[in-house]
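Comments concern the structure below.
The values are calculated or read from the model by the stated rules, or taken from the named source; none is laboratory data. As the structure is a prediction and not an experimental result, all values here were calculated from the model. Cβ placement follows ideal geometry from the backbone for every residue including glycine, while neighbour counts extend to all protein chains displayed. SASA here: full protein model, heavy atoms, side chains in, ligands and nucleic acids out. Shrake-Rupley method; radii C 1.70, N 1.55, O 1.52, S 1.80 Å.
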Amino acid sequence: MTQQSNQQQSNEQQSNEQQQYEQLLKIAVEAARLAVDLIYTERPTAFWIEQKSSATDHVTEMDLASEQLIRKIISDHRPGDRIIGEEGQLSPGTLNTESPEVVWFVDPIDGTTNYVYDLPGYAVSIAAQIDGQTVAGLVADPTHDRVYSATLGGGAFCNSALIHLRPSRSDSHQELLATALVATGFSYSAERRARQGKVIAELLPQIRDIRRMGSAALDLCSVASGRVDGYFELGLSPWDWLAGGLIATEAGAELGPLDPTADDSAGLLAAGPELFSPLRELLCSLGADKV
Ligand code: IPD
């Protein structure tokens, strides 16, 4: 086969893959739009129904209703796919050896505390993976009327506008850190919060400031849109960050574990390529990866 036809074949394969990712994203958009309409309209009457991991970690009836709706839309379009949701059982899917395995990760309301207190900053988050790689991600933020989306290799968007990180303005690590606006989140466990508080007390004098906005998915979209310079958090679940993570990396961010020897669930960091390493070093020197 000639070099030219090899190139042609690889271009075709890439465009087929891109089409497949776009199709998955379209399903996520349809499901998220319906879920967002539901949770936004019903918010005034939504109430906590069940305690989860701690006295401050609850689920509302709308988390459950939103997840049920999203599962239905995905299953209507793609009956065999596995769906892993924050509030539900695993939908096992059916094994199809002919085509690659698609797995969906759904957070029906990320930022449930904001949702119940009527604070802006909650979202519906949906990610699709093929063979373990995130290929489509969607985060819908009803209070700001923003839908963030990305496909692997296809760029990141807010509504229909391409988004990108805040450009880096210095080569000096010290200056990058001193001017960094960093988002983070805290655990639902009181003991872990106490340790996280100590890390933040030491971090604060060394950066521009901290933001705790209450939705991991939206924090990652804020990195993607240049509204913060970086974001880190420990103990996240895949539905919290997979969609926002793809959006952030497609917008130019580096994303990885706080501790390079551990997996992402142990602690996740997202930041521009220049800030990522100095921020990771600083956070690890303060023990942020061990809290
Ligand atoms: C939480 C939010 C919060 C983060 C927690 C998450 P939930 O998700 O993303 O910002 O700090 O780690 O669990 O519980 O509101 O879906």
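Please list, ordered by first then second residue, the pairs with beta carbon atoms under 6 Å, 6 or more apart or interchain, first in the range 222-235 and crowded, with 24+ Cβ neighbours inside 10 Å, second among the acidic types (Asp, Glu) and at pLDDT 95 or above.
So the pair list comes out as Tyr231/Asp219.
When only residues in the range 170-179 that are surrounded by 15 or more Cβ atoms within 10 Å (Cβ to Cβ) and among the aliphatic types (A, V, I, L, M) count, which is nearest to the ligand (Cβ to nearest atom)?
Selected residue: Leu177.
Considering the range 226-246 alone, what residues qualify as being in a loop (DSSP other than H, G, I, E, B), among the hydrophobic types (A, V, I, L, M, F, W, C) and under 12 Å from the mean Cα position of the chain (by Cα)?
Passing the criteria: only Leu236.
Do we have Ala270 as under 23 Å from Val139 (Cα atoms), open to solvent by less than 10 Å² (accessible area, probe 1.4 Å), assigned to a helix (DSSP H, G or I) and not hydroxyl-bearing (Ser, Thr, Tyr) here?
Judged against the criteria, Ala270 is not a match.
Just one of the numbered conditions (1) within 28 Å of Leu279 (Cα to Cα); (2) within 16 Å of the ligand (Cβ to nearest atom); (3) crowded, with 17+ Cβ neighbours inside 10 Å is not true of Glu87; which one?
If we test Glu87 against (1) within 28 Å of Leu279 (Cα to Cα); (2) within 16 Å of the ligand (Cβ to nearest atom); (3) crowded, with 17+ Cβ neighbours inside 10 Å, just (1) comes out false.
Does Arg208 satisfy the criteria of being of a type outside the set (Asp, Glu), within 11 Å of the ligand (Cβ to nearest atom) and without any contact (Cβ under 8 Å) to a residue 40 or more places away in the chain?
The answer is no for Arg208.
Here is a yes/no grid of residues against (1) charged (D, E, K, R); (2) open to solvent by 70 Å² or more (accessible area, probe 1.4 Å):
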site	(1), (2)
Gln7	no, yes
Leu25	no, no
Ala32	no, no
Leu38	no, no
Glu42	yes, yes
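Based on this model, can you work out whether Val182 counts as buried (at least 21 other Cβ atoms within 10 Å of the Cβ) and in a strand (DSSP E or B)?
yes
Okay, residues lined up against (1) under 18 Å from the mean Cα position of the chain (by Cα); (2) modelled with pLDDT of 95 or more; (3) assigned by TED's automatic domain parsing to the domain that holds Pro79:
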| position | (1), (2), (3) |
| --- | --- |
| Thr113 | yes, no, yes |
| Tyr117 | no, no, yes |
| Leu138 | yes, yes, yes |
| Tyr148 | yes, yes, yes |
| Ala156 | yes, yes, yes |
| Ala180 | no, yes, no |
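Find the residue count for the range 247-267, including only residues that are assigned to a helix (DSSP H, G or I) and within 16 Å of the ligand (Cβ to nearest atom).
Residues meeting the conditions: 5.
Which numbered condition trips up Ser160, out of (1) more than 19 Å from Gly226 (Cα to Cα); (2) more than 15 Å from the ligand (Cβ to nearest atom); (3) open to solvent by 70 Å² or more (accessible area, probe 1.4 Å); (4) among the hydroxyl-bearing types (Ser, Thr, Tyr)?
Evaluating Ser160 over (1) more than 19 Å from Gly226 (Cα to Cα); (2) more than 15 Å from the ligand (Cβ to nearest atom); (3) open to solvent by 70 Å² or more (accessible area, probe 1.4 Å); (4) among the hydroxyl-bearing types (Ser, Thr, Tyr) leaves (1) as the failure.
Please go through the range 187-210 and pick out each residue that is modelled with pLDDT of 95 or more, crowded, with 16+ Cβ neighbours inside 10 Å and not in a helix (DSSP H, G or I).
Scanning the range 187-210 gives a single hit, Ile207.
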